[in-house]
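The values are calculated or read from the model by the stated rules, or taken from the named source; none is laboratory data. Just so we're clear, the structure is a prediction, and the values are computed from it rather than from any experiment. When we count neighbours, we look across all protein chains shown, and the Cβ atoms used for this are built from the backbone with ideal geometry, even at glycine.
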Amino acid sequence: MGTSPDYPPYENIDAAAGGEIVGLDIDIALAIADKLGYELKIAPSDFDGLIAALQSERVDFVMSGMSVTEERKQSVDFSDIYYVASNMIVSLKDSGYDSLDDLAGKKVGVQLGSTQENVVSGIEKPDVLKLNKIPDLIQALKADRVDAVIVEDAVAAGYAGANEDLKIAAIPASDEGEGYAIAFPKGSELTEPFNKALQELKDDGTLQQMIDKWFGTESTAGTMGKGGGLHFERLEKYFGYILRGVYVTLLFTLVSAAFGFVWGAILSLFKLSKVAVLRGFSTVYTSIFRGTPLLLQLALIYYAVPQLTGYNIPPLLAAGLAFGLNSAAYLSETIRGGILAVDKGQREAALSLGIPYRTMMFSIIMPQAVKNILPALVNECVALVKESSLVSVIGVADLMRRATVVQANTFLAFEPLLVVGAIYYVLVLALTSVARLLERRMRRSD
């Protein structure tokens, strides 16, 4: 099951209880899987990547508060509707925005890829801001980057209940309403049995019990406290969950850096080779990976590999591969410069003594080159630590992804980002301190 777990009460990660994904959609999916004899495995992703995950066969179906639209029907098949929701306007308390007419000519925020994008068509000359995540939209609202945000009713109520500086106003539903359904790849064999199981849940009242559970007495808004200013006290029970992201971030950084250095060293030797094919390959490789965005490379590896090879590459492996390949393109030039900076006399002396070329490069030239380029290598590692936040878009539970999860759990848009920013800063300081100690030791060895 593919889902975007930042949309309570439909799906979100319960960070305070070990990181389990919970919500209405999860309960429905578990009940259907149980009826059909399947084991449910949940694959988190950003909302705008869910259709791509279906089309690349990374997931068998999607449940993520996804509305049935004619445009989406061109790409996927839908089950019967299991819940009908309405939309609401979220704005600052004194804004006076109570209807779509009040938003004429205003800047309005919506989630990218959501049906709320269609709602703004009913506004006269809107200035629309589209972002991936609801917490980002709320933060933009509080920072006065948008005048109002349009989101689904239950989500809007959660944010308004946890932030007394926000208010909500209902948007009259269309004749069709906002129907949520399960999405499948075109021609999926699961559509019919899922519809049958879903109808059984409706007939025996189980579905209504689930809806009452998540939209009734279990509202979390009232338990979070209110008031202006910063509320770091609400994050106390989430610190352990956030800190576990340090391990993922460091593991990813070390693997990417090691792979990037090894492959970059090989590419640098290709560039210095007398073989034209090797020089041409390394030049084209560097040009491609330095000339295209890293995020694009990450998306291509994550979504294209399963489609082209049939191998469902894990998100962390896809991220490590993308970042390693990208880093190697930059490091190859750095290492090549370090090699060329070594005095030519050492190479000539080694050759005159009959030392084989490979031994000379790896035992004499390369160690001196690494010493010369150590500051540049440290800078690359620092960049990898910070750029690792990009892996959150494919569901890797790094620091940035965990911040988003806590945002969804607490309905706080700003405080989790400050905490994670401080952790990134500490990691970079630690890395640069270790690099300075290594530089001093290498100088003493001269």
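In table form, for the structure just shown:
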| read-out | value |
| --- | --- |
| Filter result for Asn409 (modelled with pLDDT under 80 and either more than 20 Å from Val248 (Cα to Cα) or in the same structural domain as Leu296 (by TED's automatic domain parsing) (or both)) | yes |
| Ala43 being surrounded by fewer than 23 Cβ atoms within 10 Å (Cβ to Cβ) and within 19 Å of the chain's Cα centre (by Cα) | yes |
| Residue check, Met63 in contact (Cβ under 8 Å) with a residue 24 or more places away in the chain and more than 23 Å from the chain's Cα centre (by Cα) | no |
| Those residues of the stretch 116-161 which are in a loop (DSSP other than H, G, I, E, B), of a type in the set (Lys, Arg) and more than 19 Å from Asp101 (Cβ to Cβ), in sequence order | Lys133, Arg145 |
| Top-ranked residue in the stretch 14-33 [being part of a helix (DSSP H, G or I) and closer than 20 Å to Arg234 by Cβ; ranked as nearest to the chain's Cα centre (by Cα)] | Ala15 |
| Filter result (more than 25 Å from Trp214 (Cβ to Cβ) and either without any contact (Cβ under 8 Å) to a residue 40 or more places away in the chain or not aliphatic (A, V, I, L, M) (or both)) within the stretch 147-169 | Asp147, Asp165 |
| Lone unmet requirement of (1) over 25 Å from the mean Cα position of the chain (by Cα); (2) among the hydroxyl-bearing types (Ser, Thr, Tyr); (3) under 28 Å from Asp147 (Cα atoms); (4) assigned by TED's automatic domain parsing to the domain that holds Leu190 for Tyr10 | (1) |
| Leu278 being over 14 Å from the mean Cα position of the chain (by Cα) and at pLDDT below 90 | no |
| Residue under evaluation Tyr38, criteria (1) part of a loop (DSSP other than H, G, I, E, B); (2) in contact (Cβ under 8 Å) with a residue 12 or more places away in the chain, criterion not met | (2) |
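Per-residue answers, yes or no, for (1) modelled with pLDDT under 85; (2) in contact with a Phe, Trp or Tyr (Cβ under 9 Å, 6 or more places away or on another chain); (3) not aromatic (Phe, Trp, Tyr):
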| site | (1), (2), (3) |
| --- | --- |
| Asp98 | no, no, yes |
| Ser114 | yes, yes, yes |
| Val120 | no, no, yes |
| Ile123 | no, no, yes |
| Pro126 | no, no, yes |
| Ala140 | no, no, yes |
| Arg145 | no, no, yes |
| Val149 | no, yes, yes |
| Ala156 | no, no, yes |
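Results for (1) surrounded by 23 or more Cβ atoms within 10 Å (Cβ to Cβ); (2) of a type in the set (D, E, K, R); (3) touching a helix residue (DSSP H, G or I) at 6+ places or on another chain (Cβ under 9 Å), shown as yes or no for each residue.
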position: Glu11; (1), (2), (3): yes, yes, yes
position: Gly19; (1), (2), (3): no, no, yes
position: Leu24; (1), (2), (3): yes, no, yes
position: Leu30; (1), (2), (3): no, no, no
